[in-house]
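Data first, discussion second: the structure below is written as structure tokens.
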Amino acid sequence: MERQTEETIEAELTGLREQYRDLGIFGLRRIIAQRGAEEEQLASIYLLTNRLGEPIAGNLLTWPTDVETVSNRIRFSLDDPDRSGTRRYLGRSVELDQGYLLVARDIEDKLRTQALLVNAIALGSGLMLVFGVIGGFVMSRWMLTRIESINRATGQIMAGDLGRRIAVDGSGDEFDELAANLNAMLERIERLLAGMREVTDNIAHDLRTPLTRLRSRLEVALMKDIDPSSTRQLLEETAADAEGLIATFNALMNIARAEAGEQRASWELVDLGELAQDIFDLYEPLAEERDMRLALESTAGIKVAGNRQMLAQALANLIDNAIKYTPEGGRIALSVAQTREQARRIARLTVTDNGPGIPVELRGKALERFVRLEPERHTPGNGLGLSLVSAVAKLHDARLELADNNPGLRVSLVFERPVDTAPPGG
Amino acid sequence: MSDMKVLVIEDDVAAASYMVRGLEESGHVASVAHDGRDGLMLAASQSFDVLVIDRMLPGLDGLGVIRTLRATGNRTPVLVLSALGNVDDRVEGLKVGGDDYLVKPYAFSELLARLEALTRRGQPNAAEAPTTQLRYSDLSMDLLGRRVERRGKRIDLQPREFRLLEVLLRHPEQVLTRTMLLEKVWDYRFDPQTNIIDVHISRLRQKIDRDFEPPLIQTVRGSGYALRIPDQTA
Ligand SMILES: Nc1ncnc2c1ncn2[C@@H]1O[C@H](COP(=O)(O)OP(=O)(O)OP(=O)(O)O)[C@@H](O)[C@H]1O
Ligand SMILES: [Mg+2]
């Protein structure tokens, strides 16, 4: 029962010791003072003293008396005027070069619950004496174990072990449900964190180069013996660098936003046919200028719930790729169709081209951030276009399929749950 | 070019001062307030052509300033500046009474173009006015009959070209950036990776300017496009 209290105290002490190492005694003092001040009810005790045991910071005025030490844990009681009488604490103290640090938790409630449960077992069901007592005992033992295991797991997760999950025993009861919910929440947190880590790595990788270039340009421009006309040119180049950086940054933000999935408030019913028509209109002149045929084939009335701007951006990215990677004279087609898949209605938004396509083994990779498949980089781009498409697809619960168009690439967004607006039988 | 009187309410002192310098450099007059309360006082005590309000301000925040202004009957156009760029934030910014919304980091030319578009609203050809005829120089557009003529000669336009020209005609002699055109003509606010707008403009030029003198659709370097009779003195 007290195991997880010990574990959280342990974790907290580890953290505080690190702060002490990094920030010194004054830093630690500030942290302790702050934590102490946050504790209104003395549920947690923090005390930092000097070598003589005189308090420096915390929410206790003196080191507790009548301390009972068991291995490296200490127990003591305090009178709490705010709450009913004496409360029992479990804690640990550590010695620092410049003093002592005590962290303790109020375990009164836990001890009382335990006592109550024990009483309940003792007093429980008068009639079925033997059976009832054993049953109650088993029941409450079992409940305690479950709660304890959940608590222990959360304790460890709080201490930094994010990969840990709470055991689900498959019984389907409330505890199982709670554990499953907690696990789902952890899953999401971990995924967000992993996403963040990946983005930061990539940002570091991809933004560092242009940032460095930008800085050196400015430094050169600032050198005093440089003539005004080249200063101007350097500044113009720097502005162009900055613009490129901002574009990359914005693309990353869009992806992050789609991945965070928080925009549902602004969702609307988006008519995929209209969307395709709009994007077709927007890109048709460009395709024509590149000597390509852009075709549109769509059925009216296919709607999905979604973010119109993001869906448009995704579709535009696909058309942009098709135009960019297909040689002149290519054929690109944009289509919206409603079909059936295993008796379920699905909507498909598809872009095909007859360019070089993407080899099957590289299709997964092409969706990753900053991945560009051609090594020579003939064409402009950041390798973020398909990442956004993939994020927007996930946001809309749509499947993203990359397939062979023999020749060329066929990319589809498959919406499993189009909104039913079509007339019956249509 | 007629000058604007602009009030900038922005707590980032450096950003505000660059903005003021840029505005003055472009021939406008600018005042600054660094928090919401000061901004509100200034806006209420003097008359400005347009307000630039940062969304996040110490004390009274940007949206609060706009709400208060509107509640007191002040109708001065407001451009909201924000570090938040998702759809909901934008909708919220416009709902409290902002007239346009620009996400940081923005290009100064974009800011300038949007401010000019906001201040010309009250003039002929204004975006809101329920007109049926738009004209500029020898170019005219009949919105009901969906006809376009230049020097009395009929010009056939595709629906998108018509809409693009309409937007240009509603903002004569003003710079419209590519983002503004995408927004006003197509109602999209995403970031096209290629300059698709340029291609549309060049198509429109084929029809409006190729067979006539002088060319009316001007490219404004580093900014966008403007419907404008070329400057003879330049
Ligand atoms: N239609 C296509 N045909 C052939 N290869 C493609 C096609 N679409 C994407 N690719 C390959 O996948 C890579 C990743 O595409 P993505 O759209 O993510 O980035 P990008 O086009 O290189 O840059 P950005 O979209 O950021 O401007 C491309 O670099 C290209 O090699
Ligand atoms: Mg791309």
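Points worth noting:
- Helix B:108-119 axis versus longest C-alpha principal axis of chain B: approximately 80°, rounded to the nearest ten.
- Three semi-axes describe the equivalent ellipsoid of the range B:133-232; taken as square roots of 5 times the Cα gyration tensor eigenvalues and ordered largest first, they are 21, 16, 12 Å.
- Low-density loop cleavage sites - GluC sites (Glu not before Pro) in the range B:59-168, where at most 12 other Cβ are within 10 Å (DSSP): B:GLU128
- Estimated from the Cβ-Cβ distance and a Förster radius of 60 angstrom, the FRET efficiency linking B:ARG70 and A:ILE189 is about 0.90.
- Spacing of the two label points (7 Å from each Cα toward its C-beta) at B:SER137 and B:GLU173, in nm: 1.3
- By the helix-only formula, in which each DSSP H run with n ≥ 4 contributes -39500 (n - 2.57) and the sum is divided by residues, chain B has a 222 nm mean residue ellipticity of -10500 deg cm²/dmol.
- Cα-derived Rg over Rh, computed across the range A:156-207 with Rh taken as Kirkwood radius: 1.19
- The Cα atoms of the range B:5-119 give a gyration tensor whose axes a ≥ b ≥ c have a/c under 1.5, which makes the shape rounded.
- Dipole magnitude for the protein assembly as shown: about 980 debye, using +1 per Lys or Arg Cβ and -1 per Asp or Glu Cβ, origin at the Cα centre.
- Exposure of A:MET310 as accessible area (Å², to 10), given a probe of 1.4 Å and all protein chains: 20
- Relative contact order of the range A:259-415, taken over Cα pairs closer than 8 Å and 6 or more residues apart, is 23 percent.
- Of the two radii for the range A:235-351, the radius of gyration is 1.04 times the Kirkwood radius, both from the alpha carbons; that is the Rg over Rh value.
- Shape category assigned to the range A:353-415 from the gyration tensor of Cα positions, a/c cut at 1.5: oblate
- Percent of Cα-Cα distances greater than 23 Å, calculated over the range A:259-415: 35
- Taking Cα centre as origin and charging only the Cβ of basic (Lys, Arg, +1) and acidic (Asp, Glu, -1) residues, the dipole magnitude of chain B rounds to 940 debye.
- Extent along principal axes [Cα atoms of the range A:2-106; Å; largest to smallest]: 39, 27, 24
- For the range A:38-75 versus the range A:321-351, the gap between their alpha-carbon centres in whole angstrom: 68
- Surface/4 estimate of mean projected area, convex hull on alpha-carbon atoms of the protein assembly as shown, nm²: 45.9
- FRET efficiency, A:ALA337 to A:ARG293 (Cβ-Cβ, R0 22 Å, nearest 0.05): 0.70
- A:ARG3-A:ARG417 pseudo-label distance in nm [points 7 Å out on the Cα-to-Cβ vector]: 4.0
- Ranking A:THR209, B:THR132 from most to least accessible surface, computed with a 1.4 Å probe over the protein chains only, gives A:THR209, B:THR132.
- The helix-only estimate of mean residue ellipticity at 222 nm for chain A, built from DSSP H runs of length n ≥ 4 each weighted as -39500 (n - 2.57), is -18000 deg cm²/dmol after division by the residue total.
- If you wrap the Cα atoms of the range A:189-262 in a convex hull and average its projected area over all directions, you get 5.5 nm².
- Dipole axis of the range A:284-352 (+1 Lys, Arg; -1 Asp, Glu on Cβ), positive-most option in A:GLN309, A:ILE346, A:ILE319: A:ILE346
- Here the contact order of chain B, divided by its residue count and restricted to Cα pairs under 8 Å and six or more residues apart, works out to 12 percent.
- Cα-only Debye scattering, the range A:297-368: base-10 log of I(q)/I(0) at q = 0.28 Å⁻¹: -1.25
- Volume per residue that the Cα convex hull of chain B spans, once the total is divided by residue count, Å³: 132
- Here the calculated FRET efficiency for B:ARG154 and A:GLU38, from their Cβ-Cβ distance with R0 = 45 Å, stands at 0.05, rounded to the nearest 0.05.
- Length-normalised contact order for chain A - Cα pairs under 8 Å, 6+ apart - percent: 9
- Alpha-carbon centroid distance for the pair the range B:175-234 / the range B:24-49, whole angstrom: 31
- D (Stokes-Einstein, µm²/s), Kirkwood Cα radius, the range A:236-280, 0.890 mPa s at 25 °C: 185
- A:GLU268 paired with A:GLU18, simple spin-label distance in nm, labels 7 Å along Cα-to-beta-carbon: 4.7
The values are calculated or read from the model by the stated rules, or taken from the named source; none is laboratory data. Model, not experiment: these values are computed from the prediction. In this analysis, Cβ positions are derived from the backbone assuming ideal geometry, glycine residues included, and neighbour counts consider all displayed protein chains. Accessible surface areas use protein heavy atoms only, side chains included; no ligands, DNA or RNA. Shrake-Rupley method; radii C 1.70, N 1.55, O 1.52, S 1.80 Å.
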